[in-house]
Amino acid sequence: MSVPDYMQCAEDHQTLLVVVQPVGIVPEESFFKIYKRISTVSQINVRDSQRVLYIRYRHHYPPENNEWGDFQTHRKVVGLITITDCSSAKDWPQTFEKFHIQKEIYGSTLYDSRLFVFGLQGDIAEQSRTDVAFYPSYDECENVEKRIEDFIESLFIVLESKRLDRATDKSGDKIPLLCVPFEKKDFVGLDTDSRHYKKRCQGRMRKHVGDLCLQAGMLQDSLVHYHMAVELLRSVNDFLWLGAALEGLCSASVIYHYPGGTGGKIGPRRAQGSSLPAEAGNRHRPGAQEVLIDPGALTSNGINADTSTEIGRAKNCLSPEDIIDKYKEAISYYSKYKNAGVIELEACVKAVRVLAIQKRSMEASEFLQNAVYINLRQLSEEEKIQRYSILSELYERIGFHRKSAFFKRVAAMQCVAPSITEPGWRACYKLLLETLPGYSLSLDPKDFSKGTHRGWAAVQMRLLHELVYASRRMGNPALSVRHLSFLLQTMLDFLSDQEKKDVTQSLENYTSKCPGTMEFITLPDGLKLPPVPFTKLPIVRSVKLLNLPVSLRPQKMKSLLGQNMSTKSPFIYSPIIAHNRGEERSKKIDFQWVQGDVCEVQLMVYNPMPFELRVENMGLLTTGVEFESLPAALSLPAESGLYPVTLVGVPQSAGQITINGYHTSVFGVYSDCLLDKLPGIKTSGCTVEVIPALPRLQISTSLPRSAHTLQPSSGDEITTNVSVQLYNGETQQLIIKLENIGTEPLEKLEVTSKMVNTKGKLFGDFLSWNLEDTLSQFPLKPGKIATFTVNIKVKLDFSCQENLLQDLSDDGISVTGLPLSSPFRQVIKPRVENKPINPPETTKVGDFGNLKTLDAILNFKYSGGPGHVDGYYRNLSLGLHVEVEPSVFFTRVNTLPATSTRQCHLLLDVFNATEHELTISAKNNEDLILHAAECQRMAIQVDKFSFESYPDSPGERAQFTNLKQLEEERQQAKGLEINSKLDILWKIPSLKREGEASVEGVLNQLVLEHLQLAPLQWDVSVEGKLCDCDIIADCKVGDPVQLEVKLTNLSKHNVGPFALTVIPYQDYQNGVHNYELDDAITFVGSNTFYIDTVKPTENSVCIGALLFLYTGDFYLNIKFHEDNSSRELPLSWFCLPSVHIRAVEPVTQTNL
């Protein structure tokens, strides 16, 4: 016997073998349709008996295996069923002849046969025959199963007769020696009368009878016969048949212990055993009470009919442990015979199936290992495939998955062996797929995204390479791309640098013909291969949704903020509400995107490949509102480390949008990578709200851009920075163009400004504008431009710095004691003494202090379109950097009294701090020319100021934090008023630039007091003519002259009473004053005037008269009496104008 049956199991020993074959030309589909119906009749209950007969069907059985039928009767073909197609009566004789020829192949062992004829009708078909059945067609054959049952009953009759015949004790007759084919030549010439020979014959026959009993459903009898055969054969060392007897004993014991069968999914009896009625199963388990019966108890019918007397004796059935021991013994006997290799192999397989049920995997593996090394004849390629496949399935049954996968892979490679003319690549591919679980490998990339790697990576990579090659040879390039993509994605960490290059090169070659997609690939057997996204090419470590640029970020109007409160709870704080808000924040981002604006998502990616990685068509995957993704292409250097990549897109409508992942095209494979499938990725949230569209404002200015970037303390981002260089006091216009570059009309605009980084004192409005002209051009449609003008006015402190003041003092420049008629002119010269030889730049000639800077931010708050309806606006900021160069300095300030008590002279020492010639002018003054670094004094006659409108009452003081601040505010207000009256301007003709020179920060408290109008105003009139400044009152000698003194109280308190004495004198213009004028002037009444208490805002007048006796120029000196009232008030309040009276002769005398 040379063809092993790998499907054999122990329970097959109780079956009758029936071969079903076609005769002539029969369609394969039709044949197997009838064969399947025949196979359903696999067991029947014997009439008038509790026995069950089991049938094993085969549609192909080697005739040489039939020669071993005496050795093990279940190998003997006892029934033949042939199926033929015969459409005409004339073909019938030939068909019947073929049937007889087919019977002759198994003729020596057949018990009975049948011929099923399909398609023949007429007289022949109407004949009633037991061995032939006629059917009109393959569909019209209702009683096939009934015919098969009758056929099996006929087989049983023959089987039972043979069993009885062989079991009968025929005294005197020689028992024939049963042989296997290769033994016949060895027994030629033996002594047939020897006791050894007879025992051999008895033992073999007893074993043969045991086989017949087992087939006939007599399990108890078979066990007895097997035991007897074992004893007989062991005594004569007939090892081959002893092994067969032991195997029979094992089979019968297995049938008893495991009525469900040992074939499992592979065996043919599982369905039969499971369909067996419970009572039938119990009926055929007499072994529960089998006893070892003495050979003398055997009768002609086999065993004594009444076996109840034997119940209770020692059991005849082997235990589960003994079954395996007996199998080992039997296999050891088989191994002694080279020609019994198939028997040995099948015995190993049967033992493995039993051990699999007993869950004794290690022992089963020993049997399988033995089966692997059993040397058979030269097997065909198909037989090798079958052998390795069965070994794989057996290893799978005992839990040796990797070993199973190994043999399955060997079988797959055998399908495409070089010796095969037409390699079966599809079969190879199918077997390779079946090996995947054994190597802890699946074709779903999700199984490799969590935890540590399972299995041997090197073996897995080899297997995946074989799948790629097999699918390519099958002519399925899409399958090759899918497997190669899977290899690259899941085994990337285990590939060497050279292997990575080779795999990617192969992948690019495949995808050039068939690009990789994200579609499922369905195989012919229904298996679906999931897509393989390249989540490692590149590796993404973090995903961050980026806020819009500061200038484009939408902000909610404050008036609408209160309407969006998320809670309606009456409680100020609730832990439940707080918890819910925290969850919302974790899912949703706290900023918004805007419909129609480009939005960005930043990915931190890493290229693990040892070469440059080109990623094409990389974009975002989103759900929610419609989103137009703008794909990007990038090139990552080899092993780049973390590399930022920004993906952009435009939301097309308002609502919510969720970033689910990204898509790429790498090596020709298109991938959709979902974030929730990426291990270890960091994200701050993926859902963001998209608000309705807003306009976009772009600004451009008439000034150049600045390299100096403002850093505002609030963290706002400046969109544009411009710079300008101005002289202190200069004013310049900044023209700003407002262009709507969006798609929505610009409807609302608000402009505000704020100063940043201001170190020096700034006077006046730095920035000023009129927005009405600009708003008249609104709404501003997309693409339109509006203009906006801002006035930049620089007015810093014009007082001199300390170092320059020191230089001027050291050069002898002074303001005290200089007469008004001698204006001082001096050029600053550097001095050598007390100064370093190489002075630093800050002390060089012409450099009078560091350049001062002013920084301001113009903020444009604008809105329009649907976003404006929802209460959103945008901010755009313009940074203004102004470099202020010094123009002029006021190095000294002083005052001199004027001839009028209501005026004074303001003396200013002006220094030209520029490098150009400069002219300076004041109100009603001539221009003063100053060369570079030149200092000159200018005198300005000014009217004194009343300063009535500045805070002085307790109520007004309350708004200031302290008196010092109050005083500073008052001083600043006074300086502003004084400066507005002076109107000091400077011009640089060579540069055609001009500006204002302010004295606001120059005037000290003393100067302010000199410039302030005294609260008590004294007016002196002579003959009704007010005397002030250089006015000379004329009078005639001998006429009384009326003198009137008027006091106006401008203070806030009552003043007086006062006493004033009028003292006349003459000035000789040489420093001598003559007060002895009693003979020249006489008073009409008293020379002392009295003024009562004067209330605020009221006045008091006192009148007197004097008489001039001689001509001449006379002066009146009015002095106050030092009483309590005058001592409480400042001396400056009692400043009366000087009175100059010129006495002349009467007109009559002059005429004479």
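In sequence order, the range 1094-1100 has phi-based couplings of 10, 7, x, 6, 9, 9, 9 Hz under the Karplus curve 6.51 cos²θ - 1.76 cosθ + 1.60, θ = phi - 60°, and Gly or Pro positions carry x. Taking all protein chains into account, the per residue accessible area for the range 1-89 stands at 36 Å² (1.4 Å probe).
Partner lysines whose Cα lies under 28 Å from the Cα of Lys174, excluding those fewer than 8 positions away in the same chain, are identified as Lys76, Lys162, Lys184, Lys185, Lys198, Lys199, Lys207. Only protein atoms count toward the accessible area here, which uses a 1.4 Å probe; on the range 11-85, the carbon and sulfur part of that area reaches 48 percent. Are there any chymotrypsin sites (Phe, Trp or Tyr not before Pro) in the range 1026-1098 that are in a DSSP loop and have at most 14 other Cβ atoms within 10 Å? List them by number. Filter output for the range 1026-1098: Tyr1068, Tyr1075. The listed residues Arg402, Arg397, Arg454 rank as Arg454, Arg402, Arg397 when sorted by accessible area, largest first, using a 1.4 Å probe. Here the accessible area of the range 340-446 is 53 percent carbon and sulfur, with a 1.4 angstrom probe and all protein chains present. Solvent exposure of the range 979-1069, expressed per residue, is 46 Å² of accessible area, with all protein chains present and a 1.4 angstrom probe. Descending by average beta-carbon neighbour count within 10 Å, the peptides 39-49, 647-657 line up as 647-657, 39-49, the highest first. For Lys861, give me every one of the lysines with a C-alpha distance below 16 angstrom, ignoring sequence neighbours fewer than eight places off in its own chain. Candidates past the 8-residue exclusion: Lys556, Lys558, Lys737, Lys748, Lys754. Rounded to the nearest Hz, the phi-derived 3J(HN,Hα) couplings of the range 106-116 under the Karplus curve 6.51 cos²θ - 1.76 cosθ + 1.60 (θ = phi - 60°) are 10, x, 5, 10, 5, 8, 6, 8, 9, 10, 9, where x marks glycine and proline. The packing ranking, built from the mean of other Cβ atoms within 10 Å per residue, places the peptides 417-423, 257-263 in the order 257-263, 417-423, highest first. The HN-Hα couplings worked out from phi for the range 415-421 by the Karplus form 6.51 cos²θ - 1.76 cosθ + 1.60 (θ = phi - 60°) are 5, 10, 5, x, 6, 8, 5 Hz, whole numbers, x standing for Gly and Pro.
Compute the Cα gyration tensor for the range 340-496, then decide on rounded, prolate or oblate, letting a ≥ b ≥ c be the square roots of its eigenvalues: rounded whenever a/c is under 1.5, prolate when a/b is larger than b/c in the other cases, and oblate in all that remain.
Verdict is oblate for the range 340-496.
Near the amide H of Lys852, within less than 5 Å, lie the amide hydrogens of Val884, all on another chain or at least 5 residues away, with H placed in the peptide plane. A cut-off of 5 Å between modelled amide H atoms, ignoring neighbours fewer than 5 places along the same chain, links Ser640 with Asn607.
Ignoring any ligand, DNA or RNA, what whole percent of the accessible area of the range 648-695 comes from carbon and sulfur when the probe is 1.4 angstrom? Carbon and sulfur atoms account for 52 percent of the accessible area of the range 648-695.
When the GluC sites (Glu not before Pro) in the range 581-677 are filtered for DSSP coil states and for at most 11 other beta-carbon atoms within 10 Å of their beta-carbon, the remaining sites are Glu612. Just check the range 627-693 against the gyration tensor rule for me: Cα atoms, a ≥ b ≥ c as the square roots of the eigenvalues, rounded for a/c under 1.5, and otherwise prolate or oblate depending on whether a/b exceeds b/c. It is prolate, given that a/c is not under 1.5 and a/b is the larger ratio. Annotation for the range 86-153 versus the range 993-1054: alpha-carbon center distance of 155 Å.
Once the Cβ-Cβ distance of Lys513 and Lys556 is raised to the sixth power relative to R0 = 41 Å, the FRET efficiency obtained is 0.15.
For Glu969, the accessible area of its heavy atoms, probed at 1.4 Å with every protein chain present, is near 80 square angstrom.
The 1.4 Å probe gives accessible areas that order Lys103, Lys1036, largest first, as Lys1036, Lys103. Database remark: amide H of Gly742 closer than 5 angstrom to the amide H of Arg696, Gly783 (H placed geometrically; neighbours at sequence offset of 5 or more, or on other chains; Pro and chain starts carry no H).
The values are calculated or read from the model by the stated rules, or taken from the named source; none is laboratory data. From a predicted model like this one, the values you see are computed outputs, not experimental measurements. Every residue, glycine among them, receives a Cβ derived from its backbone with ideal geometry; neighbour counts consider all protein chains shown. Just the protein is used for accessible areas: all its heavy atoms, side chains included, with ligands, DNA and RNA removed. Shrake-Rupley method; radii C 1.70, N 1.55, O 1.52, S 1.80 Å.
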